[in-house]
Amino acid sequence: MKANLRRAAPDAPRYGNLTPMCYSISDFRRDIRQPYAWPGMYPCYFITSDGGALSFRAARERRREILESIRDDSRDGWRVIGIDVNWEDSFLTCDHTGERIESAYGEDSDNA
């Protein structure tokens, strides 16, 4: 029996779509251009297949590894499966660089 795998519709919302089968190289290339969701300018981050969070700086620095991992469907920690908005997690940090990932509504790290 074949698995029922469907791709997201072209006009489907791009944020919060964490289905690994739907995130492609072209999705990553589109998403890496803008670190904020529109409308609203909410801060985004990349989610990897092992559940890690990557900042845009780390994704730009490791772009080649990410693209190869998406292409090869690797389980090496670099395969990005989606992008999401960091709504309130003031303590979310990039798993590669350790830098804090900006949140939309969370407290500033200076006040936390």
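The values are calculated or read from the model by the stated rules, or taken from the named source; none is laboratory data. If you're wondering where the values come from, they're calculated on a predicted model, not measured in any experiment. Note that each Cβ is placed from the backbone with ideal geometry, even for glycine, and that neighbours are counted across all protein chains shown.
Would you check which residues across segment 55-67 are part of a loop (DSSP other than H, G, I, E, B) and not hydroxyl-bearing (S, T, Y) and list them? If the condition is that a residue be part of a loop (DSSP other than H, G, I, E, B) and not hydroxyl-bearing (S, T, Y), then R62 is the only one that fits. Is there a residue being among the small types (G, A, S), surrounded by 17 or more Cβ atoms within 10 Å (Cβ to Cβ) and part of a helix (DSSP H, G or I) anywhere in segment 68-82? Scanning segment 68-82 turns up at least one residue that is among the small types (G, A, S), surrounded by 17 or more Cβ atoms within 10 Å (Cβ to Cβ) and part of a helix (DSSP H, G or I).
Residues in segment 19-54 that are in a strand (DSSP E or B), more than 18 Å from D95 (Cβ to Cβ) and either among the β-branched types (V, I, T) or free of Cβ contacts under 8 Å to residues at least 60 places away in the same chain (or both): Y36, A37.
So, F46, is that one touching a Leu at 6+ places or on another chain (Cβ under 6 Å) and among the aromatic types (F, W, Y) or not?
Details: touching a Leu at 6+ places or on another chain (Cβ under 6 Å): yes; among the aromatic types (F, W, Y): yes.
So F46 fits the description; yes.
Residues that are at pLDDT 95 or above, among the polar types (S, T, N, Q) and at negative phi: does segment 29-45 have at least one? Within segment 29-45, none of the residues are at pLDDT 95 or above, among the polar types (S, T, N, Q) and at negative phi.
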